[in-house]
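Trainee: One structure follows; several queries about it will come next.
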Amino acid sequence: MPNQPILVRYHGATKNFGPLAESKRVEVKPGDVLTFSLLPATRVQVPGSKLRITITSNQSHFNPPTIAHTLTQIGSEPLSIEVVTALPPGSTFYDCELLQSDPSLEPIAKVEGETGGEIVPDSGGS
């Protein structure tokens, strides 16, 4: 199960939020695990912050299609989503939400769809 790390950051001064450029588009195949993590600097800027990831298309190819830190987690734990079946051609998108320490409250920041992140079938080069 190859791991596909995706680092997510928030810059408080600019309110810029989302996956880092080098992990914004990932190639996957069945058995890969997408591992989403908040950068430590984000946790310093927004103490108690947590993350929620929602696959917004082709959800049946992922387990689970939505994952978030819980009340009992501190937000530094990686969140993992497994690719269970081959993706159809084209792009699959996901939303990223930066949550407050209580995930039931309104998100601090959110990026959706194409501005969130992109997952594509492995082209064979990775």
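Trainee: So what is the relative contact order for the chain, in percent, with contacts set as C-alpha pairs under 8 Å and at least six apart? Show your work: numbers first, answer last.
Mentor: Values: 296 pairs, mean separation 36.0, N = 126.
Once normalised by length, the contact order is 29 percent.
Trainee: Based on the Cβ-Cβ distance of Arg25 and Glu112, what FRET efficiency does E = 1/(1 + (r/R0)^6) give at R0 = 25 Å, to the nearest 0.05? If you can, show how the numbers build up before the last one.
Mentor: Details: r = 16 Å, r/R0 = 0.63.
Efficiency computed from Cβ-Cβ geometry: 0.95.
Trainee: Set Lys and Arg Cβ to +1 and Asp and Glu Cβ to -1, take the dipole of region 9-53 about its Cα centre, and tell me which of Phe36, Ser23, His11 lies farthest positive.
Mentor: About the Cα centre, the residue reaching furthest to the positive side is His11.
Trainee: Moving on to the next point. Jot down the per residue volume, in cubic angstrom and as a whole number, of the convex hull over the alpha-carbon atoms of region 34-83.
Mentor: Details: hull volume 3.6 nm³, N = 50.
Per residue, the Cα convex hull of region 34-83 comes to 71 Å³.
Trainee: Still on this structure: Between Leu105 and Thr35, what is the FRET efficiency for a Förster distance of 22 Å, r being their Cβ-Cβ separation, to the nearest 0.05? It would help to have the intermediate numbers written out before the result.
Mentor: Working: r = 25 Å, r/R0 = 1.14.
Efficiency at R0 = 22 Å is approximately 0.30.
Trainee: Same structure again: Rounded to the nearest 500, what is the chain's calculated 222 nm mean residue ellipticity when only DSSP H runs of at least 4 contribute -39500 (n - 2.57) each, over all residues?
Mentor: -1500 deg cm²/dmol
Trainee: Taking amide H atoms as placed 1.01 Å from N in the peptide plane, list the residues 5 or more away in sequence, or in a different chain, whose amide H sits under 5 Å from that of Phe62.
Mentor: Answer set, sorted by chain and number: Val84.
Trainee: Using the Karplus curve 6.51 cos²θ - 1.76 cosθ + 1.60 with θ = phi - 60°, what ³J(HN,Hα) values do you get for each residue of region 10-19, in whole Hz, with x for Gly and Pro?
Mentor: 9, 10, x, 5, 9, 6, 6, 9, x, x
Trainee: Could you work out the local net charge near Val120, counting Lys and Arg as +1, Asp and Glu as -1, over the other residues with Cβ closer than 9 Å to its Cβ?
Mentor: Values: positive: Arg25; negative: Glu27, Glu118, Asp122.
Cβ neighbours under 9 Å give a net charge of -2.
Trainee: Would you work out which of Asn63, Ala109, Pro47 lies farthest towards the positive end of the dipole of the chain? Charges go on Cβ: Lys and Arg +1, Asp and Glu -1.
Mentor: So the residue we want is Pro47.
Trainee: While we're on this one: Collect residues whose amide H, placed 1.01 Å from N in the peptide plane, falls under 5 Å from the amide H of Asp32; neighbours closer than 5 in sequence don't count.
Mentor: Amide H neighbours of Asp32: Val83.
Trainee: Each label point is 7 Å from the Cα along the Cα-to-Cβ direction; what then is the distance between the points at Gln45 and Ile74, in nm?
Mentor: 2.1
Trainee: In terms of Cα to Cα distance under 13 Å, which aspartates and glutamates are near enough to Lys15, apart from those fewer than 8 places away along the same chain?
Mentor: Glu97
Trainee: Which whole-Hz ³J(HN,Hα) couplings does region 43-55 yield from phi under the Karplus relation 6.51 cos²θ - 1.76 cosθ + 1.60, θ = phi - 60°, glycine and proline marked x?
Mentor: Once rounded to whole Hz, the list reads 5, 6, 5, 10, x, x, 5, 9, 10, 10, 10, 10, 5.
Trainee: Residues with beta-carbon under 14 Å from that of Leu87, excluding Leu87: net charge, scoring Lys, Arg +1 and Asp, Glu -1? Walk me through the numbers before you get to the answer.
Mentor: Numbers: positive: Arg25, Lys29; negative: Glu27, Asp32, Glu82, Glu118, Asp122.
Once positives and negatives cancel, what remains is -3.
Trainee: Using the C-alpha atoms of the chain, what convex hull volume per residue, in cubic angstrom, is computed? Can you show the working numbers first?
Mentor: Details: hull volume 12.4 nm³, N = 126.
Convex hull volume per residue, Cα atoms: 98 Å³.
Trainee: If you put +1 on each Lys and Arg Cβ and -1 on each Asp and Glu Cβ, how big is the dipole of the chain around its Cα centre, in Debye rounded to 20? Kindly include the intermediate steps, with their values, before the conclusion.
Mentor: Values: 9 positive and 13 negative charges, 58 e Å.
Charge dipole, the chain, about its Cα centre: 280 debye, nearest 20.
Trainee: Ok, one more. What nm value, rounded to one decimal, do you get for the distance between Asn63 and Thr14 when each label is placed 7 Å out toward the C-beta?
Mentor: 3.9
Trainee: With springs connecting C-alpha atoms under 10 Å apart, model the chain as a Gaussian network and identify which of Leu51, Leu98, Leu39 has the largest mean-square fluctuation.
Mentor: Comparing Leu51, Leu98, Leu39 in the GNM, the peak value goes to Leu39.
Trainee: Report, in whole Å, the centroid distance computed from the Cα atoms of region 1-67 and region 69-126.
Mentor: Distance between centres, Cα-based: 5 Å.
Every number here is computed from the coordinates shown, using simple stated rules; none is lab data. Everything quoted here is computed from the prediction, not taken from an experiment. Every residue, glycine among them, receives a Cβ derived from its backbone with ideal geometry; neighbour counts consider all protein chains shown.
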